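Taking it in order: structure first as structure tokens, then the write-up.
The values are calculated or read from the model by the stated rules, or taken from the named source; none is laboratory data. Since we're looking at a predicted model, the values are computed, not measured. Using ideal geometry, Cβ is built from the backbone for each residue, glycine included, and neighbour counts are taken over all protein chains shown. What goes into the accessible areas is simple: the full protein's heavy atoms, side chains included, and nothing from ligands, DNA or RNA. Shrake-Rupley method; radii C 1.70, N 1.55, O 1.52, S 1.80 Å.
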Number of protein chains: 2
Amino acid sequence: MSQSGLLSTAPGTVAEANAEAFARLDAADPWVVDVRLARDAIPGYTDRLVLTSGAPMPWTSYQGGQREALIGGALFEGLAASREEAIAGFADGSIQIGACHDYGAVGSLAGIYTASMPVFVVENRSHGNVGFCNFYEGKEPRRLNYGCYDEGVHQRLEHVNNVLAPVVGEAIRRQGGVALKPLIARALRMGDEVHSRNAAASVLFNREILPAVLDMVGEGFPGVRDSMLHLAENDYFFLRLSMAAAKATADAMVVPGSTLVSAMAFSCRGFAIKLAGLGDQWFEGPPPIHQGKLFAGHTDDEITWMGGESPITETIGLGGFAQACALSLQDYQGGSPEVMIERNMEMYRITHGENSTYRIPLFGFRGTPTAVDARKVLATGILPVMDVGLAGRDGGQIGAGVIRAPRECFEMAMTAFEQRYGAQ
Amino acid sequence: MSQSGLLSTAPGTVAEANAEAFARLDAADPWVVDVRLARDAIPGYTDRLVLTSGAPMPWTSYQGGQREALIGGALFEGLAASREEAIAGFADGSIQIGACHDYGAVGSLAGIYTASMPVFVVENRSHGNVGFCNFYEGKEPRRLNYGCYDEGVHQRLEHVNNVLAPVVGEAIRRQGGVALKPLIARALRMGDEVHSRNAAASVLFNREILPAVLDMVGEGFPGVRDSMLHLAENDYFFLRLSMAAAKATADAMVVPGSTLVSAMAFSCRGFAIKLAGLGDQWFEGPPPIHQGKLFAGHTDDEITWMGGESPITETIGLGGFAQACALSLQDYQGGSPEVMIERNMEMYRITHGENSTYRIPLFGFRGTPTAVDARKVLATGILPVMDVGLAGRDGGQIGAGVIRAPRECFEMAMTAFEQRYGAQ
């Protein structure tokens, strides 16, 4: 594999394929159009299926918080009456495990989906495909997607299912859907990068559904006041919408012969990527490299990996690739403005192009660096950067920080690419 | 007047007075607690009084758009049945003119107040004083405060009086008031400088009153839906709250012997400042120096001065003094991020200190440069910078830009200061 060859920009198959994959990403037009139960919304979903983050693995490979989260999901859904029954069910296949990405969905952290969970349905109106993401559980550090399951977690999930999701879904339908791309573009001017910071996007989304919400209050629709106050308190609410929008955007990128990255995700075992030119194949490396800031009372040795697919936002030029929009994150995840700006600039060296809609005020409204080219990662040694929440050994969120995708993923992906398409 | 003497930082009267004035500014705690009619809220307001921007002047000195706005105000309030009657009324004193600042109020552009207009009542809870500002008229370029008065302007003002203000006032009272300082601090992290950009602050304010609003909708309180949708569309709505908060903050600065600037404002004739150590005396210079970006179809020779007291925001370390928070303004008022950042940095050289609450993410959360010291303006030659809307010769807003206070104001102020307190 010749590195100079890999970086060739001469016209030809790869250049054309990458141009096409980038154009599809850049033209995406994600709209949230509905909230439905996973079993009704997601094609192929069955009642005994639990989805989780990362490349698919057998039950025995899941460990730590991600294993706990799967068990919690089975209990929440009533697929097992006890922890032991859940473990036995996963072991004998009577409770099935699926990878979120294989179902058009993306999961936050452990990324647990069960059949009765409501999901945002996001249509990419320029390509016709659909992406899904389930709901944010709330600010409480103990959450199912951080490997925790107890009475409090259960109640908060039930509240989402029974109160919040029906209200938000009804409002979205009454509005005829909400266009997410202009909303995200606007949030980038308001201090968000819509991965680790969603304060503006959340409040802008609330404003979008306000007309319907006011009608619903007037009509006595149940739970509206409570839901709107819940939304008003949760600056992270929008993350699930930016993830679903990003998934619906990235899934349109699949073009034979393209070396652009179409997915980045991790499980408790390691980080993995997909290439737009290699369809659904994952290329798995070790866990990501991290640098973070822990909440008071926690130490670095507690950090554990239990999955995460929110890097779908970085895949389409948001999150770490728009960090210079969200310098307030220096407080939350550590780092200085200078480091954040330099990191963001660095991403231009490994991406195919600049987003025509998502723009960075600090860079004179230059488009965000968009669509990682695996060839450029290998040629420059610069690894894609992502803003993430950090999970603790004993479950729960213990901090936030920046991770880098490991080089091994890109090496394996390009080896497979050359096996399929020949040396570039 | 020795310039080296003026910059002395040795302990003594001026240093102590400035420290006290700055401390009061920095400790201010503005809360909007009510919306009331000017005649009821503002001490000394009489039915035939029209307030306007800038240092007080006789009727014959008002010209152009500010004169038109005064006439429009008299007509709107029904103090005259015709333009001619209004002119005669101002001329014979049967319609009185007052300066907003003399009534604890601040005016946007021409800054017209009449007795029946609703005003925000903002209490500075750490000092006990109160500031006022009336309502934003809406996005339409033709507005009374831009020197226009016609049927459309009249209807929009009536709508504010009869629908919007009663709803917003009721919501504010039900919430027990809204603390503006933390809201402004948050907006600075979300791309606002709360003078020419209020997109985040407006939506955050709407969120603050949401619980009351939802109750009011449920109870069938009139005009709530309409008002909330109006607010949702008007990103500038919060400016009047930031102005009232700034006025309530700056008015606490009055300390004998202080050379800090406690007000900056202009009329159709010129720019004027007050010093914290010289009470209510204005020091008037020529009109401000401007650099702006005009809306399509307008030219530089159309720009006219018809007043403006929104520089009260710069007086307390916001607006142009927080421009590096709001780099999106490069689109609206022109300029590049580099120029905006440099301009913001420059303000540290003419200010007394750094705000302990209002902070700039791009500068590593350094406090905004706060409280212009007239001595430093003269010693450095750096003039305070302000973000403003630009009015056109024929009325209406024709653009936005940056202005600088003229040096003459500071020279006159320091001459008066030395006459009063002796050479420094």
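For the reader, a short list of remarks on this structure follows.
- Residue pairs meeting the criteria (Cβ under 6 Å; at least 6 apart or on separate chains; first within 14 Å of chain B (Cβ to nearest Cβ), in segment A:343-371; second of a type in the set (Phe, Trp, Tyr)): A:Arg359/A:Phe365
- Scan segment A:309-332 for residues that are of a type outside the set (S, T, N, Q), within 14 Å of another protein chain (Cβ to nearest Cβ) and within 21 Å of the chain's Cα centre (by Cα) and the total you get is 7.
- Within segment B:265-301, being part of a loop (DSSP other than H, G, I, E, B), among the charged types (D, E, K, R) and farther than 24 Å from B:Ile398 by Cβ holds for one residue alone: B:Asp280.
- Whichever residue in segment B:299-335 is more than 25 Å from B:Arg24 (Cβ to Cβ) and among the β-branched types (Val, Ile, Thr) and, among such residues, is surrounded by the fewest Cβ atoms within 10 Å (Cβ to Cβ): B:Thr299
- Candidates are the residues of segment B:50-84 that are of a type in the set (S, T, N, Q) and assigned to a loop (DSSP other than H, G, I, E, B); the one that is most open to solvent (accessible area, probe 1.4 Å) is B:Gln63.
- Given (1) more than 14 Å from chain B (Cβ to nearest Cβ); (2) in contact (Cβ under 8 Å) with a residue 60 or more places away in the chain; (3) open to solvent by 10 Å² or more (accessible area, probe 1.4 Å); (4) under 24 Å from A:Gln330 (Cβ atoms), index of the condition A:Ala296 fails: (2)
- Test for B:Lys181: is it modelled with pLDDT under 95 and over 20 Å from B:Ala80 (Cβ atoms): no
- Residue check for A:Glu123: without any contact (Cβ under 8 Å) to a residue 40 or more places away in the chain, of a type in the set (D, E, K, R) and farther than 23 Å from A:Phe266 by Cα: no
- Hey, B:Met340 more than 10 Å from chain A (Cβ to nearest Cβ), of a type outside the set (Ser, Thr, Tyr), part of a helix (DSSP H, G or I) and touching a helix residue (DSSP H, G or I) at 6+ places or on another chain (Cβ under 8 Å) or not: no
- Members of segment A:382-424 found to be more than 14 Å from A:Phe271 (Cβ to Cβ) and either in a loop (DSSP other than H, G, I, E, B) or aromatic (Phe, Trp, Tyr) (or both), listed by number: A:Ile382, A:Arg393, A:Asp394, A:Gly395, A:Gly396, A:Phe417, A:Tyr421, A:Gly422, A:Ala423, A:Gln424
- Hey, A:Arg36 in the same structural domain as A:Phe135 (by TED's automatic domain parsing), within 22 Å of A:Ser242 (Cβ to Cβ) and open to solvent by 60 Å² or more (accessible area, probe 1.4 Å) or not: yes
- Residue in segment B:198-218 that is open to solvent by 10 Å² or more (accessible area, probe 1.4 Å) and in a loop (DSSP other than H, G, I, E, B) present: no
- Lone qualifier among B:Ala276, B:Ala296 - being closer than 20 Å to B:Ile382 by Cα and outside the structural domain of B:Thr60 (by TED's automatic domain parsing): B:Ala276
- Residues of segment A:187-243 satisfying the condition of being basic (Lys, Arg) and without any contact (Cβ under 8 Å) to a residue 12 or more places away in the chain: A:Arg207, A:Arg225
- Here the condition is being more than 14 Å from every other protein chain (Cβ to nearest Cβ) and out of contact with any Ser or Thr (no Cβ under 7 Å at 6 or more places or on another chain); of B:Ala165, B:Ala200, it holds for B:Ala165 alone.
- Residue check, A:Tyr149 within 17 Å of the chain's Cα centre (by Cα) and crowded, with 21+ Cβ neighbours inside 10 Å: no
- A:Gly335 meets the conditions (1) within 14 Å of chain B (Cβ to nearest Cβ); (2) in a helix (DSSP H, G or I); (3) touching a residue at least 60 places away in the same chain (Cβ under 8 Å); (4) not acidic (Asp, Glu) in every case but one. The failed one is (2).
- A:Arg174 meets the conditions (1) more than 10 Å from chain B (Cβ to nearest Cβ); (2) open to solvent by 40 Å² or more (accessible area, probe 1.4 Å); (3) within 30 Å of B:Ile360 (Cα to Cα) in every case but one. The failed one is (3).
- Residue selected from segment B:219-246 under the condition closer than 11 Å to A:Val217 by Cβ and in a helix (DSSP H, G or I), by the criterion farthest from the other protein chains (Cβ to nearest Cβ): B:Glu219
- B:Ser258 vs. criteria buried (at least 24 other Cβ atoms within 10 Å of the Cβ), assigned to a loop (DSSP other than H, G, I, E, B) and in contact with a helix residue (DSSP H, G or I) (Cβ under 7 Å, 6 or more places away or on another chain): yes
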